[in-house]
Amino acid sequence: MATVSVLGAGSWGTALAVLLARNGHRVTLWGHRAEHVAALRAERRNQRYLPGATFPDTLDPITELAEAARAEVQLVAVPSHAFGKLLQDLKPHLPAQARIAWATKGLELGTGRLLHEVAEAVFGPDTPTAVLSGPTFAAEVAASLPTALTVASAWPEFATTLAGLLRNNRFRAYTTDDVIGVQLGGATKNVLAIAAGVADGLGFGANSRAALITRGLAEMMRLGLALGGKQETFMGLAGIGDLLLTCTDNQSRNRRFGLGLGRGEPREVIAARIGQEIEGIATAKILYRLAQARGVEMPITEQTYRILYEGLAPLEAVNNLLLREPKPEGVR
């Protein structure tokens with residue numbers, strides 16, 4: 001038995017906490033809103049975000065960061081815009097031998113930094129860190145449906161330990177040292193899922209969706225390789241695996257947001273109906289600027305950015321993509 005604190009009581013954080021507790025570990029699930037955590041304790045489930053999963057006896061919802069910091073492993077599952085602030089708040093409470101992992105999929109708002117860079121800026125280069133990402137819908141993990149993801153870390157022993165904590169006969173965790181590739185895959189797929197939703201909302205069909213996913217993967221790889229990621233990562237669970245999942249299934253909040261845009265619904269109405277963080281909205285701006293700065297061609301990301309931030313009509317964005325100059329498929 002290990003002790004793990006999951007920081008973030010949304011659907012994904014709750015699913016991970018339930019998984020770890022079912023695996024026999026002592027788990028604290030931290031949330032920042034006292035009334036929400038009180039409801040978790042009273043109902044022994046997350047009625048708002050993940051109502052189908054009953055909490056095991058070894059799962060304890062809490063609001064005190066100092067209490068959460070006592071665990072052997074900290075697993076952060078808050079939205080990317082809250083990531084850096086949470087690490088700063090957590091730091092004074094952590095012991096010297098702290099180990100930090102995260103399941104957040106995004107980049108730092110404002111700076112565009114990858115989250116491992118944010119973590120290193122807070123804790124220094126010697127604190128073991130890891131990121132987990134892959135094709136994982138929270139409800140399916142909580143329902144113990146077969147799932148696989150990737151754990152990435154520059155500390156191989158920590159990657160192996162974390163994978164072992166998560167693994168059971170319905171949940172498989174692979175390991176890699178490609179921290180950059182795994183993070184970029186998890187961030188980029190959210191933007192591409194919005195684009196796929198837009199195309200489906202416009203009624204463009206399966207051919208368009210398949211083309212968008214395939215060319216979206218090419219964009220993901222171009223940027224990832226430019227930043228130091230490995231090609232095999234983008235062909236694995238944290239790349240094409242997560243991309244396929246979020247572009248094709250309506251459990252994806254980003255895809256549902258894009259569907260609404262394609263159907264002409266107001267952004268505010270769509271976001272209110274979804275009622276949870278839609279990471280791809282902020283990530284689209286960050287990725288667009290990062291691609292521009294690096295000279296990386298990302299046309300689907302660019303058109304998604306223009307829809308979200310310049311008021312471009314979805315149909316016009318599609319036409320812009322279709323009218324691009326032809327080129328051989330293998331050209332990067």
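Summary of computed values
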| read-out | value |
| --- | --- |
| Carbon + sulfur, % of accessible area of the chain - ligands and nucleic acids excluded, 1.4 Å | 51 |
| GNM result for the chain, Cα springs below 10 Å: residue of PRO61, PRO156, PRO266 fluctuating most strongly | PRO266 |
| Convex hull volume per residue for segment 127-192, taking Cα atoms only, in Å³ | 86 |
| Residue-normalised accessible area of segment 17-118, expressed per residue, 1.4 Å probe, Å² | 45 |
| Sites GLU72 and ARG167, calculated FRET efficiency, Cβ-Cβ separation with R0 22 Å, nearest 0.05 | 0.85 |
| Globularity index of the chain, i.e. its alpha-carbon radius of gyration over 2.2 N^0.38 Å | 0.97 |
| Pairs of alpha carbons in segment 36-187 whose separation is greater than 18 Å (percent) | 61 |
| Helix-only [θ]222 nm of the chain, DSSP H runs n ≥ 4, -39500 (n - 2.57) each, per residue, nearest 500 | -15500 deg cm²/dmol |
| Length-normalised contact order of the chain in % [C-alpha pairs under 8 Å, at least 6 apart] | 14 |
| Top of TYR174, TYR288, TYR309 by mean-square fluctuation, Gaussian network on the chain, Cα under 10 Å | TYR309 |
| Extension gain (nm, one decimal) between ASP249 and ALA121, 0.36 nm per residue minus Cα-Cα | 42.5 nm |
| Inverse of mean 1/r across different Cα pairs in segment 10-72, Kirkwood, Å | 11.5 |
| Loop GluC sites (Glu not before Pro), segment 61-151, which have at most 13 other Cβ atoms in a 10 Å radius of their Cβ (DSSP) | GLU64 |
| Acute angle (nearest 10 degrees) that the helix 11-22 long axis makes with the longest principal axis of the chain, alpha-carbon atoms | 40 |
| Length-normalised contact order for segment 104-160 - Cα pairs under 8 Å, 6+ apart - percent | 29 |
| Potential extension, TRP155-ALA2 segment - 0.36 nm per residue separation minus Cα distance | 53.2 nm |
| Spherically averaged projected area in nm², based on the convex hull that wraps the Cα atoms of segment 258-331 | 5.8 |
| Of all DSSP beta bridges in the chain, antiparallel share, percent nearest 5 | 20 |
| Label point 7 Å beyond Cα of GLU316 along Cβ direction - residues of segment 264-304 with amide nitrogen under 14 Å | 303-304 |
| Two-decimal Rg/Rh across segment 107-245, once Rg and the Kirkwood Rh are taken from alpha-carbon atoms | 1.00 |
| Nearest 10 degrees, 0 to 90: helix 299-309 Cα axis against the chain principal axis | 80 |
| Segment 65-170: relative contact order in percent, alpha carbon pairs under 8 Å with at least 6 residues between | 22 |
| Helix axis angle, 156-166 relative to the chain longest principal axis, alpha carbon, degrees | 80 |
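The values are calculated or read from the model by the stated rules, or taken from the named source; none is laboratory data. Source: prediction; values computed, not measured. Note: ideal-geometry Cβ built from the backbone for every residue, glycine included; neighbour counts use all protein chains shown. Keep in mind that these areas ignore ligands, DNA and RNA; they rest on the heavy atoms of the full protein, side chains included. Shrake-Rupley method; radii C 1.70, N 1.55, O 1.52, S 1.80 Å.
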